Amino acid sequence: MIVGEQHIENALRVFFHEAKIPRKYLSIECDLRIMKKCVSAFIKALEEIEPVEKCYGFDETKVFEG
């Protein structure tokens, strides 16, 4: 599986939307911080299914940069 920053961002947004994690006390800014921290964990989880190759120049810090 070949992924880029936008692929990971879209997949994490779908994951968090489908997980329906209660956000009663979380701000949008906090949500974004949580999603950013989950990038490397999400990639590791994907690797349990299929090897992950990152697009040339892939940079985890650019995921959710807007």
For segment 6-25, state whether one or more residues are of a type outside the set (Phe, Trp, Tyr), surrounded by fewer than 16 Cβ atoms within 10 Å (Cβ to Cβ), at positive phi and out of contact with any Ser or Thr (no Cβ under 8 Å at 6 or more places or on another chain). yes
For the structure I just gave you, tell me whether ILE43 is within 9 Å of the chain's Cα centre (by Cα) and either part of a helix (DSSP H, G or I) or not polar (S, T, N, Q) (or both). yes
Would you pick out the residues in segment 12-40 that are among the hydrophobic types (A, V, I, L, M, F, W, C) and outside any helix (DSSP H, G or I)? ILE21, LEU26, CYS38
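Taking the criterion of being in contact with a Pro (Cβ under 8 Å, 6 or more places away or on another chain) and part of a loop (DSSP other than H, G, I, E, B), would at least one residue in segment 1-11 satisfy it?
Yes, some residue in segment 1-11 is in contact with a Pro (Cβ under 8 Å, 6 or more places away or on another chain) and part of a loop (DSSP other than H, G, I, E, B).
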Within segment 1-40, of all residues that are among the polar types (S, T, N, Q) and under 12 Å from the mean Cα position of the chain (by Cα), the one farthest from PHE58 (Cα to Cα) is ASN10
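Taken together, the values in this text are just the output of simple stated rules run on the coordinates, not laboratory data. Because the structure is predicted, anything quoted here is derived from the model rather than measured. Note that each Cβ is placed from the backbone with ideal geometry, even for glycine, and that neighbours are counted across all protein chains shown.
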